[in-house]
Amino acid sequence: MFRLLSVGGRAALEHAGGVYDVARLSADASLSSALACLERADELHALARRCPDAAPDAALADVVLGPPVPEPRQVFGIGLNYRSHAAESGMELPPSPLTFTKFPSCLAGPTADVTLSGAMVDYEAEVVVVIGARCRNVPEDRAWAVVAGITAGQDISDRQVQLSGSPPQFCLGKSFTGYGPTGPALVSVDAFADPDDIALRCEVGGEVVQDASTADVEEIHRDVWRLRVPGDRVRIVARGGDDFLPLLDLFECAQQVAITRGLLVAFFARCILHALLEAFD
């Protein structure tokens, strides 16, 4: 089992409240980035076992965490895939789950301040699955074998931007700066008794607005696994509350994986999305 962090843009492991720089722990400078670690995810288990006998580089409480995988090549969201979500929305489950993207430039750490882009900003707690092996046409019974780990996330969306046209477009309204907070850690799949049944809950201002489990997820269509490379994220999105985010409120996304907290600050001028093209490989 391992818990992979990102500290100052460098890959690190967490153990018993200590932070261990992966490149230093392994004496391999090539393992300084999360993507390099994911391509060699099997080695992270062995490195994690070294942590109890090594001196930590810092205490977890003293560092600022970035998203566990700061520069994924691709980020895919799966919409309308919880049966309960479809039922309360009065919608039928699609023949294959709706797939959208969030540009990697929107990613933020678990405690980042998020500047709101307007008055209709929504939220959804989610489980984020990170691919650890280059793969193509993965059969259903091998899907977990190509996953490096799981983390927590929030799918923040500007609904006014998303629904401004016909047909609506998802990507830009979901990809403003900071609209993809994740973390604090990417946790290996073997840490879960049942990775197909992960509890997730979201609170806003102390009120529980989401309380669900991935056991309620409709089967993810095999097209999602057509071609994936290490670091790709597949975000299994649950429904958020019926209200938009209040100004200066605090949201908390609690899962078996992690806790994500962020202060949301109202700012009515639209955020500028930087380097969208450069974000893709």
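The values are calculated or read from the model by the stated rules, or taken from the named source; none is laboratory data. The shown structure was predicted, so the numbers you read here are calculated from the model rather than taken from an experiment. Because the Cβ atoms are built from the backbone with ideal geometry, glycine has one as well, and the counts that use them run over all protein chains shown.
Condition check ((1) buried (at least 21 other Cβ atoms within 10 Å of the Cβ); (2) at positive phi; (3) of a type in the set (S, T, N, Q); (4) out of contact with any Lys or Arg (no Cβ under 9 Å at 6 or more places or on another chain)) across all residues:
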| position | (1), (2), (3), (4) |
| --- | --- |
| Leu163 | no, no, no, yes |
| Leu172 | no, no, no, yes |
| Gly178 | yes, yes, no, yes |
| Thr182 | yes, no, yes, no |
| Val189 | no, no, no, yes |
| Gly205 | no, yes, no, yes |
Elements of type helices (runs of 4 or more DSSP H) in the stretch 19-60, at least 1 residues being modelled with pLDDT under 95, surrounded by 20 or more Cβ atoms within 10 Å (Cβ to Cβ) and not hydroxyl-bearing (Ser, Thr, Tyr): 34-39, 41-50
Quickly run through the stretch 3-30 and pick out the residues that are in contact with a strand residue (DSSP E or B) (Cβ under 8 Å, 6 or more places away or on another chain) and under 22 Å from Val75 (Cα atoms). Arg3, Leu4, Leu5, Ser6, Val7, Arg10, Ala11, Ala12
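Just to be sure before I move on: is Ala143 at pLDDT below 85, in contact with a Leu (Cβ under 8 Å, 6 or more places away or on another chain) and more than 22 Å from Glu71 (Cβ to Cβ) in the structure I sent? Talk me through it step by step, then tell me what you get.
Numbers: at pLDDT below 85: yes; in contact with a Leu (Cβ under 8 Å, 6 or more places away or on another chain): no; more than 22 Å from Glu71 (Cβ to Cβ): yes.
Answer is no for this residue.
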Is it true that some residue in the stretch 158-172 is within 20 Å of the chain's Cα centre (by Cα) and of a type in the set (Gly, Ala, Ser)? no
Condition check for Val130: within 17 Å of the chain's Cα centre (by Cα) and crowded, with 17+ Cβ neighbours inside 10 Å: yes
Quick check on my filter: what residues within the stretch 185-208 are of a type in the set (A, V, I, L, M, F, W, C), free of Cβ contacts under 8 Å to residues at least 60 places away in the same chain and in contact with a Phe, Trp or Tyr (Cβ under 8 Å, 6 or more places away or on another chain)? Val189
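Scanning for something polar (S, T, N, Q) and part of a loop (DSSP other than H, G, I, E, B), does the stretch 91-111 turn up at least one residue? Before you say what the answer is, go through the steps one by one.
Kept after step one, since they are polar (S, T, N, Q), are these residues of the stretch 91-111: 96, 99, 101, 105, 111.
Restricting the remaining residues to those that are part of a loop (DSSP other than H, G, I, E, B) gives 96, 111.
Looking through the stretch 91-111, at least one residue is polar (S, T, N, Q) and part of a loop (DSSP other than H, G, I, E, B).
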